[in-house]
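I have placed the structure first, in the form of structure tokens, so that the comments after it can refer back to it.
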Amino acid sequence: MRIGTRAFYDSVARILVQGQKDLGGMTVAMSSGKRVSVPSDDPASCLLISRARTKLALCDSRRRATVQGQQLAGATEQGLQKISGDLGDAIDAARRAIGSGISDQGRAASVAEVRSAIEALVTAGNTKSGDRFVFGGYSDRARPFELSGGGVTYAGDHGQLAVNTGYGTPCPVTFAGSDVFNFDPGTGRSVPKVDADVFTVLNQLATALESGDNETAAELVDDLQLLRDHVVNLRGSIGSSALRLEAGLDALERSELRCQALLEEHETLDIADALTRYSAAETAYQALLSTITSVLQMPTLFDGLQ
Amino acid sequence: MSIKALQIASSALMAQRATIEVASHNIANVNTPGYVRRSILLSPVPGEQNLIGVSSGRGVTASGIRRMSDALLEAQIEYETGQWGRASVLCEDLEQLEGLLAGPDGSGLRDQLNALFDSFGEIASDPGATAPRQLAVSSAQDLCNSLGECIANLHNAIQSGDDLLVSRTARANELLGLVAQFNAQITANGGPGAAADLEDRRALAMQELSRLCGATGAVRDNGAMDVFIGGHHVVSYGRSEQLELVADPTNGTLHTVSLKGEVPPSGMDGALLGALDSRDTMRRALADLNLFAGQLADAVNAIHRTGYGLDDSTGRDFFSYDPAQPGATLSVHTDIIADPSRIASARAAGQPGDGSVASALEALRTNPPSGGTSSLTEMHTQFLAGLGQDVQTARTRMEAREDLVAALQTRYSSTAGVSLDEEALRLATAQDAYLAAQKAAQLALEIIDLTLTIGE
């Protein structure tokens, strides 16, 4: 085929521009480290990348929520441990007072111990995680328990804070003070057999011990034991929540790894491969330049014209 | 006899000089766009029988100059150039659109959307805290601003496309008039071949016209070119029709192209149709973004209205927007901006620590809104991927057309293009022939001189 001079230079220019475009595209990809910079680079990969990025954002959000849940569950667990311990101490003191052969002084000391348990329990009931009261229900910003007129009032509600780990139902991380201390939320007490809250039972117990009414005191100790058992159960429950949170974190980590692997496959540039291809394209471009230079330097018939 | 020889040599001198002139003209125009090389047509001049009964001929004459074009290839180039013009405008516009909507990193609104849902998650984790609520407000405002920016950019792109449509239509009309003008001049000059330079300029105008509106031409015997856009005859001899700009029926502030009352003209192609195609794509994108904005606001508001803020207020919207143009007007409700504690997070009043409604808001990241089939993030992802697919398809089409036009032009240039080496050879041959004719003329003169001395 005949090739016109202008057509020759036009095609040379087109090849040069194409070579520069290829090199430019590879340079952009290598400088960004991404195989896909805009959706049109690879729409299918863009879809997968975007889903993976959203999933990663979700995992990150759930991780923060889970860590916060772990802190709440930890504080709740410590609070319940303290409550259980204080109740155990009060029960022990009461049993000593009820037991035969105790002196009046010893009985008075036991009564004092039972009464001091009330204050200790109020302190435990006001356990905080950060600035949140873990036994206040949903009213977690105000002190739920206050000593007033010899009794204790509960200012919280009956809500239970929970964390959505993304796996199964939301995981409870606190208990309402009404549940822990057997206040009646209007729907019945958590330990139905005991028709009073912990603080009332302790007050009644102290009074019974003071008056030497061992029979009543013994019954109240039994009630207190039931209430303590309930707290121990709650501790077990929060322990299982902590395990669920831990498992949730593991699952989030696995999910993140899968997303990262997907991004690695679809979004991240394989630098070794890119460098090899860049090197090949660069060599081809240099060869093209060299060929063009040689062709341009070739003599034409005009050089031979006299 | 010698006088006849002198005449023959003289005709050869004239013919070779003409050959050199044509070659020089070709060389001079080697880089002229649209120039089609010329070739001189030499033919022997037949002579009468001489005294001894044979005809030696009467030399040579330049019977004409041929413009080395190829009508079939020209027609193919015109057709493919129209398609290329359409594909390239669509591709350029869609790439611009992709840049506007996907952003420099190709993520579009994804990060802002995730930031908003993250902030709802933060509220769910600690509903009583102030910081996550302020974060939610600023994240939502960022999202609204980005969305508004996308919408504004799209409107600007549509308007710029319309401005280009207007200027391209004006240029197409100018070219139609120019082709008609060239037709008149070419036929007045004696038809094809007689006004090759005018034919070149007309072909160049036709090339641009094809790229603009997919016009095709057919040359008549008298050299005039009939021009067609689709089925419409738009140039006949020296008369030309004009493309008209009329108000777009779907949006009176924009224009569309009409020809003889047909909107848009059937069979029209080229950049004008590409501009209308890309406008349609941009409008779809605009509609999708507005739909997305409306669905986002409705989905968030529907859940938000069921919840209670820290101030125990309920029934509030989180977003506000004008249903006529959701994307451009989407904003965080002024009540929420004034007091972020009004962001609903709880299911009931007096439960500041309950984050279940905030949790439901966060779940919109992955759960479809009520009545929907895709989540909001998935909708946006699919929107971007769909746009990417459109751009990729447009790019592939454009590159295919570009390659095809380039291949056709290379083929055409094998007939029409000037080759300097070839012209040099032609010059050298003509020079040799000229020198030989000069020698022949000299010899004839010497013979005449000699003849005149007979009898002295």
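The values are calculated or read from the model by the stated rules, or taken from the named source; none is laboratory data. Since the structure is predicted, the reported quantities are computational estimates derived from the model, not experimental observations. Methodologically, a virtual Cβ is constructed for each residue, glycine included, from the backbone with ideal geometry; neighbour enumeration extends over all protein chains shown.
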In the range B:358-387, which residues are touching a residue at least 60 places away in the same chain (Cβ under 8 Å) and either farther than 18 Å from B:Ala293 by Cα or in a loop (DSSP other than H, G, I, E, B) (or both)? B:Ala358, B:Ser359, B:Leu364, B:Arg365, B:Pro369, B:Ser370, B:Gly372
Among the residues of the range B:421-437, which ones are among the charged types (D, E, K, R) and without any contact (Cβ under 8 Å) to a residue 60 or more places away in the chain? B:Asp421, B:Glu422, B:Asp432
Only unsatisfied item for A:Ala274, checking (1) at pLDDT 95 or above; (2) crowded, with 16+ Cβ neighbours inside 10 Å, is (1)
Based on what the data block shows, is B:Gln134 within 39 Å of the chain's Cα centre (by Cα) and polar (S, T, N, Q)? no
Count - residues of the range B:119-136 that are surrounded by 22 or more Cβ atoms within 10 Å (Cβ to Cβ), touching a residue at least 40 places away in the same chain (Cβ under 8 Å) and touching a helix residue (DSSP H, G or I) at 6+ places or on another chain (Cβ under 8 Å): 9
Taking the criterion of being within 14 Å of chain A (Cβ to nearest Cβ) and more than 18 Å from B:Ser413 (Cβ to Cβ), would at least one residue in the range B:31-46 satisfy it? no
Scan the range B:142-151 and tell me whether some residue there is within 26 Å of the chain's Cα centre (by Cα), under 30 Å from A:Leu58 (Cα atoms) and touching a residue at least 12 places away in the same chain (Cβ under 8 Å). yes
When every residue in the range A:98-142 that is polar (S, T, N, Q) and away from chain B (no Cβ under 14 Å) is compared, the one nearest to the chain's Cα centre (by Cα) is A:Thr127
The conditions are (1) within 7 Å of chain B (Cβ to nearest Cβ); (2) over 30 Å from A:Thr300 (Cβ atoms), and A:Ser11 fails exactly one of them. Which is it? (2)
Residue that is nearest to B:Ile20 (Cα to Cα) [pool: residues in the range B:415-432 that are at the interface with another protein chain (Cβ under 8 Å from one of its Cβ atoms) and charged (D, E, K, R)]: B:Glu422
Filter pass, B:Gly388 being crowded, with 18+ Cβ neighbours inside 10 Å, over 22 Å from B:Gly270 (Cβ atoms) and touching a Cys at 6+ places or on another chain (Cβ under 7 Å): yes
For the range A:194-213, enumerate the residues that are in a helix (DSSP H, G or I) and over 28 Å from A:Ala176 (Cα atoms). A:Ala208, A:Leu209, A:Glu210, A:Ser211
Which count do you get for residues in the range B:388-414 that are touching a residue at least 12 places away in the same chain (Cβ under 8 Å) and facing another protein chain (nearest Cβ under 7 Å)? 3
List, please: which pairs have Cβ atoms under 7 Å, are six or more places apart or on different chains, and start with a residue in the range A:91-117 that is within 23 Å of A:Gly149 (Cβ to Cβ) and end with one that is of a type in the set (Asp, Glu)? A:Val111/A:Glu210; A:Glu113/A:Asp89; A:Ala117/A:Asp86; A:Ala117/A:Asp89
Consider the range A:172-216. How many of its residues are within 14 Å of another protein chain (Cβ to nearest Cβ), of a type outside the set (Gly, Ala, Ser) and buried (at least 22 other Cβ atoms within 10 Å of the Cβ)? 3
Restrict the check to the range B:178-197 and report whether at least one residue is in contact with a strand residue (DSSP E or B) (Cβ under 8 Å, 6 or more places away or on another chain), within 14 Å of chain A (Cβ to nearest Cβ) and not in a helix (DSSP H, G or I). no
Out of the residues in the range A:1-56 meeting the condition of being hydrophobic (A, V, I, L, M, F, W, C) and in contact with a Lys or Arg (Cβ under 8 Å, 6 or more places away or on another chain), tell me which one is modelled with the lowest pLDDT. A:Met1
